[in-house]
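Working notes, structure below.
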Amino acid sequence: MAVMTGLAAFAVLWPLARRHWPDLDDLADARSLYRAQLSDIQRDKSRGLIDDVQAQGAEAEAGRRLLRAGAEDVAGKAVDPAKALRRRRVTSVVALLGLPLVGLGVYGMHGVPGLPSLPLAARLSTNPANLDVNVAVARIEAHLALNPGDGRGWDVVAPVYFRLQRYEDAAKAYRAAIQHAGPSQERFAGLGDALTQGAQGMVTAQAREAFQQAVALDATDAKSRFYLAIAQEQEGKLSEAAQAYKALIADAPPAANWTPMVQERLARIEQPVPAGGEAIAALPAPEQSAMIRTMVENLSGRLGTTGGTLEEWSRLVQARTVLGERELAASALDAARRQFASDPVAIATLGELALRLGLPEKTP
């Protein structure tokens, strides 16, 4: 602080120590011009171009010009030496005393003098159990910046990113963990979960591939199976999704706390059918088609009147596509885009849905 204060004071005092002042430059230039004119007059006299009388007249005229220029400069720019000295002394006192006093006063009002030092290196070297989560993440990130091939480090930081809702960072961390630590059911499931949450609950193609990899490594992976069933539901494959949900419920352990959530998803699929999901399968093909169209039209009418969630709009677009009503699917997609025009994540999700279903980005 002393060095910085000294530099600030020096910056103020330095201009005051200058001996040459630009205000007198004009007067000095007038004197130089006068001397040059005298030299020219003497040269012309020695060459016989002018006589003594003309030389004396020219020298007198040059002298009058010098006096006139000097009088104007001094009148406009003369400085009282006593006043100038007082100003320099006052400025010096302000620079040497005022700057430190003002700095200390501001620090006294806004600073915390009693706060102990908290150097980052010391915080990062303490026991991780005693660290704030952000400091712990910073510590791991610093380690991974120096050791990008540490799969264990990526394995540790990925779920932390997920809990902090940094889903894009979580997905990158899971991919790095898979690359450097090898594939596993937990890593693929975590990757799929991060991609899905980052897409506002939409199971993207990359997320579905990750969940499929997880199930291939462990067929009992309930999380991946659940998200794969949601993907089928989002694609309009309601019967396949219902079967997947039922299989998941049948395989659930007695104390599984996620069973009610699966049952709720299953009930939502079967809710529009009074006799249950099996009733549709028992109907003849024409009646099945009519029942499904009724469900789709009811959903379309409700969304067109009161709006809905991104998942409901996605379900409507997918159902229209499955029924072969691509123009209506494109219209529903445009309506969803208008509702979520201010949500860039939702717009990106709808764009991915359009790409997956082969729908145009915008209808004419």
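Key figures for this structure:
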item: By average C-beta atoms within 10 angstrom, highest first, the peptides 191-203, 346-358, 307-319; result: 191-203, 307-319, 346-358
item: Integer Hz, Karplus 6.51/-1.76/1.60 couplings in order for region 329-346, x for Gly and Pro; result: 5, 5, 5, 5, 5, 5, 5, 5, 5, 5, 5, 9, 4, 8, 10, x, 5, 5
item: Exposure ranking of 4, 261 by accessible area [1.4 Å probe, largest first]; result: 4, 261
item: Estimated inter-spin distance, residue 246 and residue 49, nm [label 7 Å along Cα→Cβ]; result: 12.0 nm
item: HN-Hα J in Hz across region 242-257 - Karplus 6.51, -1.76, 1.60, θ = phi - 60°, x for Gly and Pro; result: 4, 5, 5, 5, 5, 5, 5, 5, 5, 8, 6, x, x, 9, 5, 7
item: Modelled FRET efficiency - R0 41 Å, residue 257 with residue 152, Cβ distances, 0.05 increments; result: 0.90
item: Other-chain or far-sequence residues with amide H under 5 Å of residue 50's (modelled H); result: 45
item: For residue 50, solvent-accessible area (1.4 Å; no DNA, RNA or ligand), Å²; result: 40 Å²
item: Label-point separation in nm, residue 85 to residue 294, each point 7 Å along Cα→Cβ; result: 10.9 nm
item: Point-to-point label distance, residue 163-residue 107, nm (Cα→Cβ direction, 7 Å offset); result: 3.9 nm
item: Calculated FRET efficiency for the pair residue 311/residue 133, C-beta based, R₀ 41 Å, to 0.05; result: 0.85
item: Karplus 3J(HN,Hα) series, Hz, for region 194-205 with 6.51 cos²θ - 1.76 cosθ + 1.60 (x for Gly, Pro); result: 5, 5, 5, 5, x, 9, 6, x, 8, 7, 6, 4
item: Chain lengthening between residue 342 and residue 40 when straightened (0.36 nm per residue, less Cα-Cα); result: 100.6 nm
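The values are calculated or read from the model by the stated rules, or taken from the named source; none is laboratory data. Note that this is a predicted model, so its numbers are computed, not measured. Neighbour counts are summed over all protein chains in view; Cβ atoms, including those assigned to glycine, are modelled from backbone coordinates with ideal geometry. To get the accessible areas, we keep the full protein, side chains included, count just its heavy atoms, and leave off ligands, DNA and RNA. Shrake-Rupley method; radii C 1.70, N 1.55, O 1.52, S 1.80 Å.
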